[in-house]
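Accompanying notes for the structure given below.
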Amino acid sequence: MKRLGLAPWILLAAVVAACTAPPQTVASPSPTGPVTVQVTDKTLKELQTVLVLQHESLAKRDLNAYQATYDGARNALRRCKGESFDVAGRQGASASVPQIVKVEPYGGTYIRAWVDEGADRGVARTYFRIVDGRWVQTEPTSDEVGAEKKTTIDGIDIDHWAIDDDVIEALRQGTLAARDAVVQNQLGASKQPFGIRFYPTKSVQGIVDCNVVGFHLPNRPEDKYIRFFRYWFTPDMKALSPATISFIQHEGLHWAQDQFITGISARLDWWLVEGWPDYIGRSRSDSYKRVVVCTTGTPTYKQLADGPRTDLPDTKPEDAVRYYAFANTMVEYLYAQFGPNAYRDLLLAYKELADPNKNLPAVLKVTPEQFHTGWIAFARQKYC
């Protein structure tokens, strides 16, 4: 997660979107409205061409070609595609092109594609339609995703939109699996089970940062829901991917923090808020932690206590994501060096006094600076 002023703590994925240039012309659009489309034996290849062109235009830094591959009439999608172009300019395009594994019609004017984004994430669902005679990546509008719905499994309320009716069993079973992991790691008894809302498109999300996977509202014990904006499926498209389940665990563990001590996240150092669910929930791969720990500059303890300053214009989205890897390894070090009860004991200390200069010496017998030095040595020895 990340902090935006008084906004919720937000889980960020280390993602660079693959997007790029103008797709193959397949039909003439109606001048009066959307074009009705059908799946043919050519459709998958035509849509894959869009993704290939996206990747090529990112690599070439061709903004005009890139913009021609997505639907500029979808404001939230356009904003996030623009951010992806900026991030790729700093980090480079991804190494491979996402591969479409299945296509199916949706709503008469859309094709829904199941897109394999790699083993570390899974298969995503995205949409295409015809604009000005060519396929573009798009999404249905908020009045085209169907009615809001609710289902329950083992006491967990799951809210979704009708557009996801075909995958509701995957959402149910994945949430249940994540809940079991959360319960096993709870710091104390919970007052109520958490719920979850799956938002299928950016148009129904509201104003949410583009690289946000999900969030839990802190300091709001009356709000049981965690919100999810990005979710992936297994290669057979029958279940939520392990990465998605780990992200649900992450947000569920934030819920568990608030169940243990209401409002505790407002008193903790940022790395304690985010590092625990990220480490316990396995939200960050070892390969990503290795890249961050071994190739980027290490923030100071105060920077890690404050968290990434996403409210500042010079803070880049990918910089904020790196902080999660640092926090993850800090909690890993906390468990390895100070034992399984150290995290819980720190939360109890912060409940009484929000001061690392008092709490770390009292609980861990080290100063924040000594903890910081020990953590760097630990992380570099393990990952570098």
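Observations, loosely collected:
- Degrees, to the nearest 10: 368-383 long Cα axis against longest axis of the chain: 50
- Global form of the stretch 171-258, assessed from the alpha-carbon gyration tensor, a/c cut-off 1.5: oblate
- 0 to 90° range, to nearest 10: angle between helix 242-260 axis and the chain longest Cα axis: 40
- Rolling a 1.4 Å probe over the protein heavy atoms of the chain, with every protein chain left in place, gives an accessible area that is 50 percent carbon and sulfur.
- Residue 90 paired with residue 59, simple spin-label distance in nm, labels 7 Å along Cα-to-beta-carbon: 2.3
- Residue list for the stretch 144-165, given a label point 7 angstrom along the Cα-to-Cβ vector of residue 176 and an amide N cut-off under 18 Å: 150-160, 165
- Among 269, 86, 143: highest mean-square fluctuation, GNM of the chain, C-alpha pairs under 10 Å: 143
- Placing R0 at 35 angstrom, the Cβ-Cβ distance between residue 357 and residue 219 gives a FRET efficiency of 0.90 after rounding to 0.05.
- For the chain, the per residue solvent-accessible surface stands at 43 Å², with DNA, RNA and ligands left out and a 1.4 Å probe.
- Note on residue 151/residue 101: beta-carbon distance plugged into 1/(1 + (r/R0)^6) with R0 of 30 Å gives a FRET efficiency of 0.70.
- Extended-chain gain in nm, criterion 0.36 nm per residue less alpha-carbon gap, residue 192 and residue 40: 49.9 nm
- From the coordinates of this entry, P(r) over Cα pairs in 20 Å bins from 0, in percent is computed, and it appears in [x] 28, 54, 17, 1; [y] 23, 38, 22, 13, 4, 0; [z] 26, 52, 21, 2 under the label [x].
- Folded to 0 to 90 degrees: helix 270-280 orientation relative to the chain principal axis, Cα: 70
- Computed [θ] at 222 nm, helices only, for the chain once each DSSP H run of length n ≥ 4 contributes -39500 (n - 2.57): -13500 deg cm²/dmol
- Spin-label zone in the stretch 341-384 - amide nitrogen under 16 Å from a point set 7 Å from the Cα of residue 286 along the C-beta vector: 379-384
- Residue among 176, 312, 44 with the largest mean-square fluctuation in a Gaussian network model of the chain, springs linking Cα atoms under 10 Å: 312
- Bridge orientation summary for the chain: considering DSSP beta bridges with both residues in this region, about 85 percent are antiparallel.
- Loop trypsin sites (Lys or Arg not before Pro), the stretch 192-274, which have at most 12 other Cβ atoms in a 10 Å radius of their Cβ (DSSP): 238
The values are calculated or read from the model by the stated rules, or taken from the named source; none is laboratory data. Here the structure is a predicted model, which means the values were calculated and not measured. Positions of Cβ are generated from backbone atoms using ideal geometry, with glycine treated the same way; all protein chains shown enter the neighbour counts. Remember, those area values only see protein heavy atoms, side chains included, never the ligands or the DNA or RNA. Shrake-Rupley method; radii C 1.70, N 1.55, O 1.52, S 1.80 Å.
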